[in-house]
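What follows is one structure encoded as C-alpha cells, with my remarks underneath.
The values are calculated or read from the model by the stated rules, or taken from the named source; none is laboratory data. Please read these numbers as outputs of a predicted model, since none were measured by experiment. Please note: Cβ atoms are built from the backbone with ideal geometry, for glycine as well, and neighbour counts cover all protein chains shown. What goes into the accessible areas is simple: the full protein's heavy atoms, side chains included, and nothing from ligands, DNA or RNA. Shrake-Rupley method; radii C 1.70, N 1.55, O 1.52, S 1.80 Å.
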Amino acid sequence: MSARYNKSFNRLKESGQKAFIPFTLLGFPDRAQCLESVRVMIESGATALELGIAFSDPLADGPVIQQAATRVISSGFTVSDAFELLAEIRALDSDIPIGLLVYYNTVLSRGGEEFFRLAGTAGADGVLIVDLPPEAYLETATICRKFGLASIFIISPLTTEERFKAICNYASGFLYAVSRLGVTGTEDRHDEQLASLIVRARQCSNLPVCVGFGISSPAQAEKMFHAGADGVITGSRIIEILQDHNSRNCHGLATFLTEMIATAKFFPVASCCQ
Amino acid sequence: MISTGLFGKYGGVYAPETLMPALEELETAFLRLSQDAEFLTRYTGLLQTYAGRPTPVYHAANLSKIAGARIYLKREDLLHGGAHKTNNALGQGLLASMLGKRRLIAETGAGQHGVATAMAGALLGMETEIFMGELDMERQHSNVLRMQLMGAKVHAVKSGGRALKDAINAALREWISSVRDTHYLLGTAAGPHPFPTMVKFFQKIIGEEARFQIIEQTGSLPDYIVACVGGGSNAIGMFTAFLEDQSVELIGVEPAGKGLETLQHGATLIKGSLGCLHGMISKVLQTSDGQILDAHSISAGLDYPSVGPEHAYLQESGRASYEAITDEEAVEAYKQVARLEGIIPALESSHAVAHAMKLAAGKGSNSRILINLSGRGDKDLEQVLKYVG
Ligand SMILES: Cc1ncc(COP(=O)(O)O)c(C=O)c1O
C-alpha cells in the first residue's frame, strides 16, 4: 500500500534524515541469494526497496542490469517466481515500502488487472513502469488505485512544465528523479540541471524526490542530498557487488549498504540548499 | 504529445520519460515541417537530383511468362543507395538539421538503412553513428564498408540475438544519453510515435508514383500489391496511396525463416501476439511471460520480432493481409529474378517476389500484380552463395 511510503518518508522527515533505497532484480543472482541480499538490505536499515522484474529488452538499462536480467531469464526464473519471492520478502518485514520496477510488456502479457492484483497480494506498495508515460497511464492508474499501489514516475532534467503537470496528476509514493540523461549504470556524471529539476518537482508536488541512476558511492549520494534530494536509489552498483560476491557471503553488500545508509542518516539537513 | 499516434489500439508512445521530451520536440517539428514549403522543396529537390526519383515501374515480361499473371516491379532498387531507405533517411536527416541537431544515430539490419543514413550524414555534414548487430555485420559486410567509407562510425551490438532488435535497443539507449544534440533516425515505420507516421510520410511517395505509373502504362489499377514486411516501411510506403482503392488487394510478406512450424521465423503478424516493444504497442513474438523472442530470417532486414503498428491495424481491419515466405523460397526467387530479368533483388524484396509468383499461379494473364522491389541484392550475394552451398 502506498501508506507504507507515506509513513516511512514522514518518519524520516521528522527525524531530519534522508532516504536510501537499494535496487536489485528479483531472482538475481538466484532465488536464494536474492532473498539473502534483500534480508541484508532490510537489516542494514534501508528506507524502502526497489525490486525489478527481469525483462528481455530493458531499454532504460545499461549493461550491468541488462546482463543481470538476461541471467535471471535464462535461469528459468519466471514472473510467477518473482511474485512468490516478493511474498517471501514481504514476510521478512511488514513495514518496509516495496516498489516494483517493470517494463510495460511484463504487465501487458498478464493483463493489467491480473498483474497488479498479484503485485498487491504479494506485498508490493508501488509500481514504476519504465516505459508507460502519463499519456497512456489512465487505465493503469485506476487499477493501481484499486489494489492500493502507488504510481511512481520518473522525472528527468528535460521534463517540461506541461509534462510535470501530467506526471504529478498520477504520481504517488515518491518521485524518481534521474541524476543525468542516460541509462542506468555506475557512471558518475550528474546533470548540471539536477538541482533545478528538484526545485521544479517541489513546485508541482509534495511528494519526496529521490534521485537514481549513477549513484554508486557515499560521495555521490552526498552530492545529491546537497542538490536537495530527499533520498537516493542505488541499483547497478549493488548488482555489481552481488555479481562479484557470488558466494552466500553478503559481507561486501552489507559494508556498502552501511556506508550509504550512514550517509543518508547523518546528512546535516541544515546544510541542504533547498 | 499533440496526437496519440494510435492506429486502432496499436502504436502510441510507450517510452521512458527520458525520451519523451525528445519525442515531443520531434512531433512538433514534423507537424510543422511536413507543411512547410521550404522544407518540402528542399526534400523533393534532393529526391529528384540526388537520389534519382521517380523510380520506374517495369513490366517484368519474362517473369510474367512463367508466372501466369502480369508482374510489375516498382524499382526502388534503382534509388541511390540501393533501397527505399533513402527516402526516409533524407527526409529525417533534413528535418534533424533544420532542428539544429549536429549528430545522427541509427540502427540497421541489412545495412541499407545504415548506408542511407551515412549518405544523409555526409551530404548534410552531420556526424553519423550506426548500431548494427554483430551477426548482421558479418552477413552484410559490404554495407559496413560502404557506411565507413561515407564517414559513419559503425558500432557492433553484441547483446541478445545480435540482430535488428538488439541494434534498435542500442540506438535507443544511445539516444537517451544524447537527446540534446542528436537525432535518432529510425529506419522503419515502427517505434514510438511520431516515427511510424513520420516514416510513412517520407515513404508514401513509392505508392504515389507507382499508382500514377501503372495507370499510365496499363490504363487501370493493379489487382494485387505485394511488399515484404520487416518493420514495415517499404510496405506502408507502397500501400498508403492504394488504401482507398478497394479493388486492390494489399499483401504484406513476412519471413517464414526455417518454417512457421519452427521457432525460427520472423512472422510477427501471423504468429505473434499483442505486446509492447521499442516504444509501441503492436504484435510481437514473445513467451507467455512477455519476454521477447529472437526472430530468424536469412534476410537481416526482415529479422525482427515485432512490426510497425499500422500493419497490425491493417491486418485487424482486414484491409491488408499478410503471408510468409521461407528462407529457401526467398533464395529461389532471388536467383529466378536474376536469371530471367537480369535484376538482382535484395533478399528482403525476394520474399515479396516469391509470394507474388505463388499468387500468380493460375490467375491468368489479365491479372496484374505490382511488387515493391524494395532494394537491390548485391549485398546478399555472398550470403546466397553460402546458403546454396
Ligand atoms: C531492401 C530492403 N527491403 C526491405 C527491408 C525491410 O524493412 P521495411 O519493412 O521497413 O521496409 C529492408 C531493411 O533493411 C531492406 O533493406
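Kindly indicate the residue of the stretch B:355-382 that is away from the ligand (no atom under 13 Å from the Cβ) and closer than 15 Å to B:Ser142 by Cα and also least open to solvent (accessible area, probe 1.4 Å) among those meeting that condition. Please lay out each step first, then the result.
Residues of the stretch B:355-382 away from the ligand (no atom under 13 Å from the Cβ): B:355-370, B:381-382.
Going one step further and asking which of them are closer than 15 Å to B:Ser142 by Cα, we end up with B:381-382.
On the way: B:Leu381: 83, B:Glu382: 151 Å².
For the stretch B:355-382, the residue satisfying everything is B:Leu381.
Which numbered condition trips up B:Ser177, out of (1) of a type in the set (Gly, Ala, Ser); (2) at negative phi; (3) open to solvent by less than 10 Å² (accessible area, probe 1.4 Å)?
Here B:Ser177 meets the rest and fails (3).
Looking only at the stretch B:280-294, filter to residues that are more than 7 Å from chain A (Cβ to nearest Cβ) and open to solvent by less than 30 Å² (accessible area, probe 1.4 Å); which one of those is farthest from B:Phe195 (Cα to Cα)?
Checked the stretch B:280-294; the qualifying residue farthest from B:Phe195 (Cα to Cα) is B:Leu285.
Could you list, in sequence order, the residues of the stretch B:75-89 that are out of contact with any helix residue (DSSP H, G or I) (no Cβ under 7 Å at 6 or more places or on another chain) and either open to solvent by 60 Å² or more (accessible area, probe 1.4 Å) or within 20 Å of B:Ala122 (Cα to Cα) (or both)?
B:Leu78
Could you count how many residues in the stretch B:362-380 are in a loop (DSSP other than H, G, I, E, B) and either at pLDDT below 95 or in contact with a Cys (Cβ under 8 Å, 6 or more places away or on another chain) (or both)? Don't jump to the end; show me each part of the working.
Keep residues of the stretch B:362-380 that are in a loop (DSSP other than H, G, I, E, B), which gives B:362-367, B:374, B:377.
This time we only want the ones that are either at pLDDT below 95 or in contact with a Cys (Cβ under 8 Å, 6 or more places away or on another chain) (or both), so: B:362-366, B:374.
Counting residues in the stretch B:362-380 that are in a loop (DSSP other than H, G, I, E, B) and either at pLDDT below 95 or in contact with a Cys (Cβ under 8 Å, 6 or more places away or on another chain) (or both) gives 6.
Given the options A:Gly126, A:Gly120, A:Gly111, name the one that is within 14 Å of chain B (Cβ to nearest Cβ) and among the small types (Gly, Ala, Ser).
That would be A:Gly111, the only listed residue that is within 14 Å of chain B (Cβ to nearest Cβ) and among the small types (Gly, Ala, Ser).
Quick check on my filter: what residues within the stretch A:52-65 are surrounded by fewer than 24 Cβ atoms within 10 Å (Cβ to Cβ) and touching a Ser or Thr at 6+ places or on another chain (Cβ under 7 Å)?
Once the filter is applied, which keeps residues that are surrounded by fewer than 24 Cβ atoms within 10 Å (Cβ to Cβ) and touching a Ser or Thr at 6+ places or on another chain (Cβ under 7 Å), the stretch A:52-65 yields A:Ala60, A:Gly62, A:Val64.
Identify, by number, the condition in (1) within 20 Å of the chain's Cα centre (by Cα); (2) farther than 30 Å from B:Ala122 by Cα; (3) not assigned by TED's automatic domain parsing to the domain that holds B:Ala360 that B:Tyr72 doesn't meet.
(3)
Need the failing condition index for B:Thr44 against (1) in contact (Cβ under 8 Å) with a residue 60 or more places away in the chain; (2) open to solvent by 10 Å² or more (accessible area, probe 1.4 Å), just the number.
Single failed check for B:Thr44: (1).
Of all residues in the stretch B:297-337, count the ones that are within 26 Å of B:Asp77 (Cβ to Cβ) and open to solvent by less than 40 Å² (accessible area, probe 1.4 Å). Explain how you work it out, then say what you get.
Pass one, the stretch B:297-337, residues within 26 Å of B:Asp77 (Cβ to Cβ): B:297-304, B:306-308, B:310-311, B:314, B:320-337.
Then drop every residue that is not open to solvent by less than 40 Å² (accessible area, probe 1.4 Å), which leaves B:297-304, B:306-308, B:310-311, B:314, B:320, B:322, B:324-327, B:330-331, B:333-334, B:337.
The total comes to 25.
Across the stretch B:119-148, what is the number of residues that are within 14 Å of the ligand (Cβ to nearest atom) and either small (Gly, Ala, Ser) or within 14 Å of chain A (Cβ to nearest Cβ) (or both)?
Of the residues in that region, 3 qualify.
Could you run through the stretch B:180-190 and say how many residues are more than 16 Å from the ligand (Cβ to nearest atom), touching a residue at least 40 places away in the same chain (Cβ under 8 Å) and over 15 Å from B:Glu27 (Cβ atoms)?
Within the stretch B:180-190, the subset more than 16 Å from the ligand (Cβ to nearest atom) is B:180-183.
Checking which are touching a residue at least 40 places away in the same chain (Cβ under 8 Å) leaves us with B:181-183.
Now narrow it down to the ones that are over 15 Å from B:Glu27 (Cβ atoms): B:181-182.
Matching residues across the stretch B:180-190 total 2.
Looking only at the stretch B:236-247, decide whether some residue is touching a residue at least 40 places away in the same chain (Cβ under 8 Å) and of a type in the set (Phe, Trp, Tyr).
Looking only at the stretch B:236-247, we keep the residues that are touching a residue at least 40 places away in the same chain (Cβ under 8 Å), and these are B:236-240, B:243.
The next check asks that each one be of a type in the set (Phe, Trp, Tyr); those that pass are B:239.
Yes.
Of (1) open to solvent by less than 10 Å² (accessible area, probe 1.4 Å); (2) in contact with a strand residue (DSSP E or B) (Cβ under 7 Å, 6 or more places away or on another chain); (3) assigned to a loop (DSSP other than H, G, I, E, B), A:Ala177 satisfies all except one. Which?
(3) is the only condition that A:Ala177 fails.
Just the residues that are hydrophobic (A, V, I, L, M, F, W, C), closer than 27 Å to A:Ser196 by Cα and surrounded by fewer than 21 Cβ atoms within 10 Å (Cβ to Cβ), please, taken from the stretch A:143-163.
Within the stretch A:143-163, the subset hydrophobic (A, V, I, L, M, F, W, C) is A:143-144, A:147, A:149-150, A:152-155, A:158.
Now restrict to residues that are closer than 27 Å to A:Ser196 by Cα: A:150, A:152-155, A:158.
Residues satisfying the conditions do not exist here.
Evaluate the stretch A:192-206: report whether one residue or more is more than 14 Å from chain B (Cβ to nearest Cβ) and in a loop (DSSP other than H, G, I, E, B).
Yes, some residue in the stretch A:192-206 is more than 14 Å from chain B (Cβ to nearest Cβ) and in a loop (DSSP other than H, G, I, E, B).
What pairs come out if I take residues in the stretch B:335-348 that are within 13 Å of the ligand (Cβ to nearest atom) and pair them with residues that are of a type in the set (Phe, Trp, Tyr) whose C-beta lies under 7 Å away, six or more apart or interchain?
Listed by first residue and then by second, the contacts come to B:Pro345/B:Tyr334; B:Leu347/B:Tyr334.
Hey, any hits in the stretch B:259-276 for a residue that's among the aliphatic types (A, V, I, L, M), open to solvent by 10 Å² or more (accessible area, probe 1.4 Å) and either within 14 Å of another protein chain (Cβ to nearest Cβ) or within 12 Å of the ligand (Cβ to nearest atom) (or both)? First the steps, then the outcome.
Just the residues of the stretch B:259-276 that are among the aliphatic types (A, V, I, L, M), to begin with: B:260, B:263, B:267, B:269-270, B:274.
From the residues that got through so far, the ones that are open to solvent by 10 Å² or more (accessible area, probe 1.4 Å) too are B:260, B:263, B:270, B:274.
Keeping just the survivors that are either within 14 Å of another protein chain (Cβ to nearest Cβ) or within 12 Å of the ligand (Cβ to nearest atom) (or both) gives B:274.
Looking through the stretch B:259-276, at least one residue is among the aliphatic types (A, V, I, L, M), open to solvent by 10 Å² or more (accessible area, probe 1.4 Å) and either within 14 Å of another protein chain (Cβ to nearest Cβ) or within 12 Å of the ligand (Cβ to nearest atom) (or both).
Determine which member of the set B:Asp327, B:Asp289, B:Asp294 is away from the ligand (no atom under 14 Å from the Cβ), under 30 Å from A:Ala82 (Cβ atoms) and in contact (Cβ under 8 Å) with a residue 40 or more places away in the chain.
Result: B:Asp294 is the single residue among B:Asp327, B:Asp289, B:Asp294 that is away from the ligand (no atom under 14 Å from the Cβ), under 30 Å from A:Ala82 (Cβ atoms) and in contact (Cβ under 8 Å) with a residue 40 or more places away in the chain.
If I go through the stretch A:143-158 residue by residue, how many of them are within 11 Å of chain B (Cβ to nearest Cβ) and either touching a Lys or Arg at 6+ places or on another chain (Cβ under 6 Å) or within 21 Å of A:Pro58 (Cβ to Cβ) (or both)?
Taking the stretch A:143-158 as the starting set, the residues that turn out to be within 11 Å of chain B (Cβ to nearest Cβ) are A:153-158.
Subsequent filtering for residues that are either touching a Lys or Arg at 6+ places or on another chain (Cβ under 6 Å) or within 21 Å of A:Pro58 (Cβ to Cβ) (or both) retains A:153-156, A:158.
Of the residues in the stretch A:143-158, 5 are within 11 Å of chain B (Cβ to nearest Cβ) and either touching a Lys or Arg at 6+ places or on another chain (Cβ under 6 Å) or within 21 Å of A:Pro58 (Cβ to Cβ) (or both).
Identify all residues within the stretch B:231-241 that are touching a helix residue (DSSP H, G or I) at 6+ places or on another chain (Cβ under 6 Å) and open to solvent by less than 10 Å² (accessible area, probe 1.4 Å); write none if there are none. Quick ask: steps written out before the conclusion?
Let us first name the residues in the stretch B:231-241 that are touching a helix residue (DSSP H, G or I) at 6+ places or on another chain (Cβ under 6 Å), namely B:232-233, B:236-238, B:240-241.
Within the stretch B:231-241, B:Gly232, B:Ser233, B:Ile236, B:Gly237, B:Met238 meet the criteria.
Which residues, taken from the stretch A:119-142, are open to solvent by less than 40 Å² (accessible area, probe 1.4 Å), assigned to a helix (DSSP H, G or I) and not hydroxyl-bearing (Ser, Thr, Tyr)? Full working, then the answer.
Taking the stretch A:119-142 and keeping what is open to solvent by less than 40 Å² (accessible area, probe 1.4 Å), we get A:119-120, A:122-134, A:136-137, A:140-141.
Those still in the list that are assigned to a helix (DSSP H, G or I) too: A:119-120, A:122, A:134, A:136, A:140-141.
A:Ala119, A:Gly120, A:Ala122, A:Pro134, A:Ala136, A:Ala141 - these are the residues of the stretch A:119-142 that are open to solvent by less than 40 Å² (accessible area, probe 1.4 Å), assigned to a helix (DSSP H, G or I) and not hydroxyl-bearing (Ser, Thr, Tyr).
May I ask you to say which residue of B:Met137, B:Met119, B:Met132 is over 23 Å from B:Lys165 (Cβ atoms) and either open to solvent by 10 Å² or more (accessible area, probe 1.4 Å) or at pLDDT 95 or above (or both)?
Details: B:Met137 fails: over 23 Å from B:Lys165 (Cβ atoms); B:Met132 fails: over 23 Å from B:Lys165 (Cβ atoms).
Residue meeting the stated conditions: B:Met119.
Determine whether the stretch B:165-179 contains at least one residue that is facing chain A (nearest Cβ under 10 Å), over 18 Å from B:Ala22 (Cα atoms) and either within 19 Å of the chain's Cα centre (by Cα) or within 16 Å of the ligand (Cβ to nearest atom) (or both).
Scanning the stretch B:165-179, I find at least one residue that is facing chain A (nearest Cβ under 10 Å), over 18 Å from B:Ala22 (Cα atoms) and either within 19 Å of the chain's Cα centre (by Cα) or within 16 Å of the ligand (Cβ to nearest atom) (or both), so the answer is yes.
Can you run down the residue pairs with Cβ atoms below 8 Å, 6 or more apart or on separate chains, where the first is in the stretch A:183-198 and among the basic types (Lys, Arg) and the partner is in a loop (DSSP other than H, G, I, E, B)?
From residues that are among the basic types (Lys, Arg), the pairs are A:Arg189/A:Arg180; A:Arg189/A:Gly182; A:Arg189/A:Gly214.
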